[in-house]
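Let me give you the structure first, and then I'll get to my questions.
What follows is calculated from the coordinates using simple rules that are stated; it is not laboratory data. Since the structure is predicted, the reported quantities are computational estimates derived from the model, not experimental observations. In this analysis, Cβ positions are derived from the backbone assuming ideal geometry, glycine residues included, and neighbour counts consider all displayed protein chains.
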Amino acid sequence: MGFTSANIQYLIWPAMLILLALFFFIDIQLGPIAVPLGQAISYGLSSGSGTETDAVHWLIFSEIRLPRALLAVLVGFVLGCAGASLQGLLRNPLAGPGLVGVTNCAALGAVCTLYFGWAGLVWFALPLGGIIGACISVLLIFLLAGRQGSVLNLILAGVAINAVASSFIALALNFSDNPYAMNEIVYWLLGSLSNRSLNDVAIVAPFMFVGVAILLSRGAYLDALSLGEDTAQTLGFNPVLERTFIVLAVAMSVGAAVSISGSIGFIGLVVPHLFRPMVDYQPGKLLLISGVGGSVLLLLADICVQLISVNQELKLGVVTSLVGGPFFLWMIYRMRNEIQ
Amino acid sequence: MSVFNLKQVIVLITCLLCFPFSSLAAAKKTDDALKVASINLCADQFLMLLADKKNIVALSDLAADKEYSYLWQRAVGIPLTHGDAEQLLPLKPELIVAGRYDDIHKVHLLRAFGYNVEIIPLVENLAQVTATLEHIAMLIGEEDKGLALIQDLNKRIQLATSHLQNDSSNAAKKPVAVIYAANGFTHAAGTIHDDLIRLAGFENGATQLGMTGHGNLSLEQLLMIQPDVLIMEDSSNNKNSNAQVFLQHPALTRGLPNTQVVNIPANLWMCGGPSSVDVLEHLRLIYQDFQVKGHK
């Protein structure tokens, strides 16, 4: 008895959940200074009995590290799940929010709201900017590559959208008369989770939850779609409606995620491929596990960032690209006959 | 009305009559004072203090920006350039001063055009302020003015640091100060900022952590230091950036209950130079204020 796919299906869930908990635990341990976590948490739970140092440790844990780890889980989940959805919807294994330009366009939207001062107007302005940016990019992808489009069309459309979005990010930052422009261009294009607060998490989380909930509920359609659009229609799905739902949900969740983290590459592309064989190549089943996988991968990336550079501020997107880039090359190598 | 007109006419006529002579006189006078241009914000500050306005043919583009340039009001009416040879060529400077970290290609290009480009070393401590002042005064032929300025600065420095001789017994436990700007940017050992903090009677918390030079201090590190005084660089614009939003992080606003937060305008800090003495005086006042409040 080797590992049959059924065996793996049973094993994969507990394994992923254990990894998720483990990496979360490791991630909150790491930072520029050593914090005895047990003491800090007991201080927090006993609502303030302890030394002043404990108070500072509790604050570091609750206001700096917890938001960072929570965001890694949430953003990773969104990117993984959105990647699986886009790959299912476009029936194209190279579709991922980063590669087709959704994340960069979302970053552009967030940049515009932040740097032109609109972010302070209403609490949801920043995620809304990201969502609008993401919506525009998804529309562009459909216009340029279409649902029936070839892999090559999709990739080229993605290259173009990415190039335009990243240059507009740089342009917007220069126009905003901002002495930190260079620094912040790097932030938005490479992504980072550091120095975020629980308020930031609270602002974007609702949009992520709604978006992800819609995506997860569309699993049956994606399964049907894998048999072809006609079959899906015969099975009673309204393709236009379903597509609109998925596209809006991707834009909503990814837009909100990117507005807080910048564009973190390759998670959405890589993760679904890792799990596809383990769920019998069923796009519907792939959604949830890809989300969890995304969380685990992003936590791992953040752990690497904390370990490699304490003060050098290595951006998270650098690590995900270091892993994702070679994976992408390998995929192209494997698919080179199909692409032509 | 007519009186004004008459006056204006007289002035105009006088000017026209005197023009050939005055330009001659100016030419004679510039024998010792050079026509000088600066392509660096920090060199700008020295020139605006030392040189006659009519002898400054160009300043850097930041010289008139009050966010960065302490003497921005004096830059009004002087041509501003980005340090490009094309812009400087028609202004015919006899000497160009540049900073240590200016684009070396620009400097090479200007030198290739035959310009005399002098690179001003970085000011890394208070002693170098007067040394640099003397050096530039000599370069542009304003030694007397330079000497007067240096005497004045030395008097102020002596006044602000007189405590160093008096209360050496206090050295046992000095209050800790940390400079904190957008993105957590701070200044540690080997910078003039660090020098000024120590001269005012504080310890620099970033230096105590082993940091050197300019760099970023993470929120976590700042919380662990729990400085007595947090010195923010006051900058009124550019609120709409990640870098500034960083300073409103709840951990920063809630995590330093015993810290006194003070502001020193960013344009005073920007360059090591004569304005550094102003910073020293600010810091000294903050120190005295802290001593009063801290030992209640």
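Please give the helix A:125-144 orientation as an angle from the longest Cα principal axis of chain A, in degrees from 0 to 90, rounded to the nearest 10.
20
Per DSSP helix of 4 or more residues, -39500 (n - 2.57); summed, then divided by the residues of the protein assembly as shown. What does that give at 222 nm, rounded to the nearest 500? Mind showing how you got there, number by number?
Working: 30 runs with 389 residues, N = 636.
Mean residue ellipticity at 222 nm (helix-derived): -19500 deg cm²/dmol.
Taking chain A as a Gaussian network, Cα atoms linked when under 10 Å apart, which of A:V210, A:V201, A:V56 shows the biggest mean-square fluctuation?
Among A:V210, A:V201, A:V56, the largest GNM mean-square fluctuation belongs to A:V56.
Cα axis of helix A:5-29 to longest principal axis of chain A: angle in degrees, 0 to 90, nearest 10?
Once rounded, one gets 30 degrees.
If I build a Gaussian network model for chain A, linking alpha-carbon pairs within less than 10 angstrom, which residue out of A:I18, A:I28, A:I169 has the largest mean-square fluctuation?
A:I18
Name the residue from A:G129, A:L298, B:Y68 whose Cα lies farthest towards the positive end of the charge dipole of the protein assembly as shown, charges +1 on Cβ of Lys and Arg and -1 on Cβ of Asp and Glu.
A:G129
If each residue's Cβ is checked for other Cβ atoms within 10 Å, how do A:S167, B:S38 rank with the fewest at the top?
Numbers: A:S167 12, B:S38 31.
Ascending number of Cβ neighbours within 10 Å: A:S167, B:S38.
Return the subset of B:K53/B:K106; A:K315/B:K66; B:K54/B:K155 for which the Cα-Cα distance in this structure is over 26 Å, preserving the input order.
On the way: B:K53/B:K106 24 Å; A:K315/B:K66 33 Å; B:K54/B:K155 29 Å.
From the list (B:K53/B:K106; A:K315/B:K66; B:K54/B:K155), the Cα-Cα distance tops 26 Å for A:K315/B:K66; B:K54/B:K155.
Moving on to the next point. For the stretch B:169-294, calculate the relative contact order in percent as a whole number, restricting contacts to Cα pairs under 8 Å that are 6 or more residues apart. Working shown, then result.
Values: 176 pairs, mean separation 36.2, N = 126.
Worked out over the stretch B:169-294, it gives 29 percent.
Once you have the Cα-Cα distance between B:E124 and B:D152, take 0.36 nm times their residue separation minus that, and quote the gain in nm to one decimal. Present the calculation step by step, with values, prior to reporting the outcome.
Working: separation 28, 0.36 × 28 = 10.08 nm, distance 2.04 nm.
That works out to 8.0 nm of additional length.
At 37 °C and a viscosity of 0.692 mPa s, what translational diffusion coefficient does Stokes-Einstein give for the protein assembly as shown, taking Rh as the Kirkwood radius over Cα pairs? Give it in µm²/s as a whole number.
Working: Rh = 28.4 Å.
In µm²/s, the coefficient is 116.
Can you sort B:M211, B:M138 by how many other beta carbons sit within 10 Å, fewest first?
Arranged by neighbour count, lowest to highest, B:M211, B:M138 become B:M138, B:M211.
What FRET efficiency comes out for A:L156 versus A:A202 if R0 is 35 angstrom and r is the Cβ-Cβ distance? Round to the nearest 0.05.
With R0 = 35 Å, the Cβ-Cβ based efficiency is 0.35.
Another question, then. Partner chain Cβ atoms within 10 Å, averaged over the residues of A:61-69 - can you pull that number for me? Could the numbers behind the result be given before it?
Numbers: counts 1, 2, 10, 9, 2, 0, 3, 0, 0.
Per residue, the number of nearby Cβ atoms from other chains is 3 on average.
Return the sequence-ordered ³J(HN,Hα) values of the stretch B:71-82 in whole Hz as given by the Karplus equation 6.51 cos²θ - 1.76 cosθ + 1.60 applied to θ = phi - 60°, using x for Gly and Pro.
For the stretch B:71-82, the Karplus-derived couplings read 9, 4, 5, 6, 7, 4, x, 8, x, 10, 10, 8 Hz, x marking Gly and Pro.
Among the aspartates and glutamates, select those whose C-alpha is under 18 Å from the C-alpha of B:K293, and discard any that sit fewer than 8 residues away in the same chain.
Of all the aspartates and glutamates, those that pass the test against B:K293 - Cα under 18 Å, at least 8 places apart if same chain - are B:E203, B:D228.
Can you work out the FRET efficiency for the pair A:L143 and A:L11, with r the C-beta to C-beta distance and R0 = 60 Å, to the nearest 0.05? Provide the component values of the computation, followed by the final result.
Numbers: r = 42 Å, r/R0 = 0.71.
The formula returns an efficiency of 0.90 here.
Right, next: Using alpha carbons only, how many degrees (0 to 90, rounded to 10) separate the axis of helix A:316-334 from the longest principal axis of chain A?
For helix A:316-334, the angle is close to 20 degrees.
Show me, bin by bin at 10 Å from 0, the whole-percent P(r) of the stretch B:169-294 based on Cα pairs.
With a bin width of 10 Å, the distribution comes to 13, 48, 35, 4, 0.
So what's the convex hull volume per residue for the Cα atoms of the stretch A:1-160, in Å³? Walk me through the numbers on the way to the answer.
Numbers: hull volume 30.9 nm³, N = 160.
Dividing the Cα hull volume of the stretch A:1-160 by its residue count gives 193 Å³.
Here's a follow-up. Among the aspartates and glutamates, which fall within straight-line cross-link reach of A:K285, defined as a Cα-Cα distance under 18 Å, with same-chain neighbours fewer than 8 residues apart omitted?
A:D223, A:E242
Arranged by the count of other C-beta atoms within 10 angstrom, fewest first, what order do A:F207, B:F246 take?
Least to most surrounded, the residues fall as B:F246, A:F207.
Can you give the relative contact order of the stretch B:33-156 as a percent, counting alpha carbon pairs under 8 Å and 6+ residues apart? Walk me through the numbers on the way to the answer.
Numbers: 192 pairs, mean separation 32.2, N = 124.
The normalised contact order for the stretch B:33-156 reaches 26 percent.
Please check which bits of the stretch B:96-116 a label hung off A:N174 would reach, taking the label as a point 7 Å along Cα-to-C-beta and the cut-off as backbone N under 20 Å.
So the set is B:103-106.
Oh, and also: Which percent, to the nearest 5, of DSSP beta bridges fully inside the protein assembly as shown are antiparallel?
On the way: 4 of 28 bridges.
Here the share of antiparallel DSSP bridges comes out near 15 percent.
Taking R0 as 22 Å, what's the FRET efficiency between B:M138 and B:D65 from their Cβ-Cβ distance, rounded to 0.05?
Once the sixth-power term is evaluated, E becomes 0.20.
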